[in-house]
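Below is one structure; the comments refer to it alone.
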Amino acid sequence: MQKKRIKMIALMALLLGVGLFIPVTAHAQSGYKITSTQNVTPEPYYVARNISSHYSWDKTHTKRLTFLNEFQKNYSVYVTQKVTMTYKGKTTAYLHIANNYGVDYGYVTAKSMRKGFNPTDTDRQPYQPAKGSQSPEIMTVNRVSKQAFSKVSSRLNEITYYRTTKKVKLNADFTSYMNIGSTTISTTIPAGTIVGGYRTSNDLAIDTDALSQSFLRLGYRQGLWVAGGELITSPARIKAFKQIKRPAYLPKYDSFGLLYAGGINAIRNQKALLSKQSVQITSNGYVEIRQNNPHGQATEYNSQPLASVKIKRTKIKGHTRYLYLTKSLKGYKTTKVRYHGKRQYRLALVNQQKSYAIKDPGTDEFTRTTYYGGLTFGGKSFYTSYGTVSNAK
């Protein structure tokens, strides 16, 4: 698939450690108000070298929509409005910007922009916004029999998992809400932490974005969305990661532990609408819940979770994984099985043994098929991606 939190909430997070965590974003009630708006004939602008703000914002000044330095490279934008925003009695001039197709990039302080095309822009396109709304893409989903899936399953990627043998510093990429631009933030994980990744002959790619929110707080506090991991090329650093079997609490194949609410209709409409809820079962053994705006950006799947609960034990029986949690999950069926200790609640993750496929026509030489699995998580229907297989024609 972009809100510093106030100091008190951050302190609560540190005190709570694990368990439920309710994030409060910066400017949740920001106090920013648009006091005047002037529509203008779209004109080209570019980002100044001495920008006064590092981001463009939504109209409520609560979401960081883009990193402005991404536009400094060789990119021009168009100004469609000049507005005035007032905050705590201070008035600031802003510009409402868009790309040449009319895609809204939000509001930028006027001091951050310069009139005219970017001097380094070699592709100066006129302002030609798309006419009318495009119909959302609805994909064709085919049910895959158990026999057919068993034939292809060996070709699906299997994420490998590693346990750190010592304290390790990792870099995590964070992006803006519209996934334009990024920044890298370091996090330190202790010995014994489980991470997912892919190993090549010389390098190791670590999925830091699949770690629990406790290791990603610095990026979340800045109002950003986790976007990727780190490629480790140093042999000395790679030695700190010992390969282990896939943890029992995680689904197989290329799932990353990402579950999306809904069934076949949700799979069919995934490019048109986000799932209202999504679950991340983290590599280091947490269940994290996110609530998403169906009409929002896919980055919502990588936002600060609403809840983060530690998995203390996993028991597999047939096609069901029983996850024993430190706390119950509101809105999901969690059975209280003990009255003391850290394994009081049990949640069932059931593989429904239903597989689905979406075929991409691809190029003249190749076609691709992406496979999905149907699940039940805490009594609700979810699906996960098993990965993509390429086929030569």
Probe radius 1.4 Å, ligands and nucleic acids ignored: give me the carbon and sulfur share of the accessible area of segment 245-393 as a rounded percent.
47
Sort out for me the Cα centre separation of segment 283-304 from segment 187-233, rounded to whole Å.
16
Would you compute, for the Cα atoms of segment 177-256, the largest minus smallest coordinate along each principal axis and list the three values in descending order, in whole Å?
34, 30, 24
Counting only protein heavy atoms, what percent of the accessible surface of segment 26-137 is carbon or sulfur at a 1.4 Å probe?
47
Two pseudo-spin positions, 7 Å from Cα along C-beta at residue 43 and at residue 82, lie apart in nanometres by 0.7
For the chain, calculated [θ]222 nm from helices alone, where every DSSP H run of n ≥ 4 adds -39500 (n - 2.57):
-2000 deg cm²/dmol
How long is the gain from residue 150 to residue 264 if the chain were fully straight, where each residue apart is worth 0.36 nm and the alpha carbon distance is subtracted?
39.0 nm
Under 29 Å Cα-Cα from residue 73, which lysines qualify once same-chain neighbours fewer than 8 residues away are excluded?
3, 4, 59, 63, 82, 111, 115, 131
Dipole moment magnitude, nearest 20 debye, the chain about Cα centre, only Lys, Arg, Asp, Glu C-beta charged
2080
If a paramagnetic tag sat 7 Å from the Cα of residue 158 along the Cα-Cβ line, which residues of segment 225-254 would have the backbone N under 12 Å from that point?
244-247, 252-254
Two-site label geometry, residue 167 and residue 291: point separation in nm, points 7 Å out along Cα→Cβ
3.7
Find how much the distance from residue 143 to residue 201 grows on full extension, using 0.36 nm per residue of separation minus their present alpha carbon separation; answer in nm with one decimal.
17.3 nm
Could you do me a favour and compute the accessible area per residue for segment 243-343, 1.4 Å probe, result in Å²?
49
In 10 Å bins starting at zero, report the fraction of Cα pairs in the chain per bin as a rounded %.
5, 19, 27, 26, 16, 6, 1
Does segment 89-230 classify as rounded, prolate or oblate by the C-alpha gyration tensor (a ≥ b ≥ c root eigenvalues; a/c under 1.5 gives rounded; else a/b over b/c gives prolate, otherwise oblate)?
oblate
What are the lysines whose alpha-carbon lies under 23 Å from the alpha-carbon of residue 312, with same-chain residues fewer than 8 places away excluded?
166, 167, 242, 245, 252, 327, 330, 333, 336, 342, 380
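The values are calculated or read from the model by the stated rules, or taken from the named source; none is laboratory data. In this text the structure is predicted, and so the values were computed from the model without any measurement. Neighbour counts are summed over all protein chains in view; Cβ atoms, including those assigned to glycine, are modelled from backbone coordinates with ideal geometry. Note: accessible area is taken over every heavy atom of the protein model, side chains too, but ligands, DNA and RNA are not part of it. Shrake-Rupley method; radii C 1.70, N 1.55, O 1.52, S 1.80 Å.
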